[in-house]
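Input: a single structure, listed below in structure tokens.
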Amino acid sequence: MARIRVGSVGLGGISRGVHLPGIAASPDLELVALCDISEEALRSAREAYGIAPERCFADYRDLVACDDVDVVDISTPNDVHFDVAMAAAQAGKPFCIEKPLTLTAQQADALADAVERYGVKTMVCFSYRYKAAARYARDLVRNGTLGKIYHVDMEYSQAWGLPSFNTPRVWRFHKAETGSGALGDLGSHALDLVRFVTGEEYERVVGHAETFVKERKALCGDGMAPVDVDDFSNMLAQMSSGIAASFRITRFAYGRGNYQRMVVYGEKGSLVYLLDENGAPEDTLDVCLDPLGAENHMFVRVPIPQRYRVDQMQSFADILLNKADGLSATVADGRANMHAVDAALASVEKGEWVDITG
Ligand code: SOE
């Protein structure tokens with residue numbers, strides 16, 4: 001069977017590190033076109049994947065218009081997500097897209113409507129849905145092993161915002177390009193992962209967020225540029241079925257790399273999902289399921305069954321081939337995520353709980 005021909009737009013870190021290698025590794029996908037506004041990024045990807053110069057573009061509209069591009073892979077900065085995804089949908093081309101889906105919930109609503117109108121398949125790259133320990137945790141929660149869930153506590157911590165890293169004012173610190181700071185960048189993952197594991201929706205949220213470092217070295221010239229987004233966000237969320245969730249999202253956690261910790265406390269058991277703990281190469285799962293464990297306050301690390309090890313880009317191919325497992329995020333999930341992110345931002349401004357609608 002002929003491979004599905006992919007055109008990739010946005011050739012930065014996540015594309016080079018995950019999307020392009022994942023497309024290359026899939027027996028069902030073939031990379032046929034590239035797009036980036038950076039000539040260097042375009043040249044580097046072209047040479048790495050052997051793409052003909054006439055299939056390399058600076059304007060995403062030219063890539064979407066190619067008759068030999070069946071689907072579009074989108075890894076641009078956040079402020080370009082909506083335009084590229086809308087162009088793909090209007091051309092009737094399925095697409096996969098990096099998180100957060102869009103800059104705002106309003107954009108997400110419009111994109112979700114267009115996807116429905118044009119009937120295109122989609123996937124939002126909430127990449128931690130493909131962590132085996134997260135999938136195992138999801139099964140233990142969904143199959144009732146833990147019983148009724150009371151609390152979920154979710155931490156997503158990085159350190160590159162700390163002054164010692166001297167990170168300049170990159171697009172992730174500029175609201176017009178990123179939408180929000182740690183909240184949309186890391187918090188979108190955290191909010192999606194808790195929704196993925198619990199299967200529950202967010203009903204209302206209250207948040208606290210600040211900007212620790214108010215200006216950073218400008219990318220051009222010798223001056224400084226303002227940071228107009230959050231450096232961290234602490235949130236509480238009430239979920240359907242009454243789950244009380246808490247989130248700690250930060251770029252200022254000294255000693256952390258790409259650290260995630262989700263604790264799920266249930267009536268009959270609890271679990272701890274961990275990523276990048278003490279630099280461990282694999283995600284892990286600790287559980288406390290038996291009365292003796294509860295009595296001794298013991299959580300035991302469990303082996304992760306092989307069936308939970310799934311690749312993100314192959315999952316996109318499976319969606320396109322109508323053989324998906326249903327565990328990948330679609331634009332509908334991305335839209336729900338954006339409504340939670342926007343409600344958290346609104347709560348930070350108002351200093352009160354905000355209901356999540358839509
Ligand atoms: C931020 O540092 C970042 O690159 C996020 O943008 C990614 O989504 C996350 O997977 C890793 O960290």
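Tell me which residues, restricted to the stretch 182-217, are closer than 27 Å to residue 135 by Cα and among the small types (Gly, Ala, Ser).
Answer for the stretch 182-217, where residues must be closer than 27 Å to residue 135 by Cα and among the small types (Gly, Ala, Ser): 182, 184, 187, 188, 190, 199.
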So the check is Cβ under 8 Å with 6+ separation or different chains; which pairs have a first residue in the stretch 189-216 that's within 16 Å of the ligand (Cβ to nearest atom) and a second one that's of a type in the set (Lys, Arg) and modelled with pLDDT of 95 or more? 189/99; 192/99; 192/129; 193/129; 196/129; 196/138; 216/169
Is it true that residue 174 is outside the structural domain of residue 95 (by TED's automatic domain parsing) and more than 11 Å from the ligand (Cβ to nearest atom)? yes
Charged (D, E, K, R), in the same structural domain as residue 148 (by TED's automatic domain parsing) and under 17 Å from the mean Cα position of the chain (by Cα), is that true of residue 195? yes
With the first residue restricted to the stretch 166-178 and required to be in contact (Cβ under 8 Å) with a residue 24 or more places away in the chain and hydroxyl-bearing (Ser, Thr, Tyr), and the second required to be within 13 Å of the ligand (Cβ to nearest atom) and part of a helix (DSSP H, G or I), Cβ contacts under 6 Å at 6 or more apart or on different chains are 178/78; 178/171; 178/172
For residue 208, only one of the following conditions fails: (1) assigned to a strand (DSSP E or B); (2) surrounded by 20 or more Cβ atoms within 10 Å (Cβ to Cβ). What is its number? (2)
Among (1) under 23 Å from residue 275 (Cα atoms); (2) within 13 Å of the ligand (Cβ to nearest atom); (3) surrounded by fewer than 19 Cβ atoms within 10 Å (Cβ to Cβ), the one test that residue 182 misses: (3)
Could you look through the stretch 92-115, keep only residues that are without any contact (Cβ under 8 Å) to a residue 40 or more places away in the chain and touching a strand residue (DSSP E or B) at 6+ places or on another chain (Cβ under 8 Å), and pick out the one that is surrounded by the fewest Cβ atoms within 10 Å (Cβ to Cβ)? 93
Within the stretch 98-138, how many residues turn out to be away from the ligand (no atom under 16 Å from the Cβ) and of a type in the set (D, E, K, R)? 7
Subset of the stretch 116-153 (residues that are touching a helix residue (DSSP H, G or I) at 6+ places or on another chain (Cβ under 8 Å), open to solvent by 10 Å² or more (accessible area, probe 1.4 Å) and hydrophobic (A, V, I, L, M, F, W, C)): 120, 141, 149
Filter pass, residue 294 being open to solvent by 40 Å² or more (accessible area, probe 1.4 Å), under 21 Å from residue 93 (Cα atoms) and out of contact with any Lys or Arg (no Cβ under 8 Å at 6 or more places or on another chain): no
Taking residue 79 and the conditions (1) more than 16 Å from the ligand (Cβ to nearest atom); (2) part of a helix (DSSP H, G or I), which numbered condition does it fall short on, given that it satisfies the others? (1)
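The values are calculated or read from the model by the stated rules, or taken from the named source; none is laboratory data. Computed from a prediction, not measured in an experiment: that's the story for all the values here. All Cβ positions, even for glycine, are placed from backbone atoms using ideal geometry, and neighbour counts span all protein chains on display. Calculation scope for accessible area: heavy atoms of the full protein, side chains included, ligands and nucleic acids excluded. Shrake-Rupley method; radii C 1.70, N 1.55, O 1.52, S 1.80 Å.
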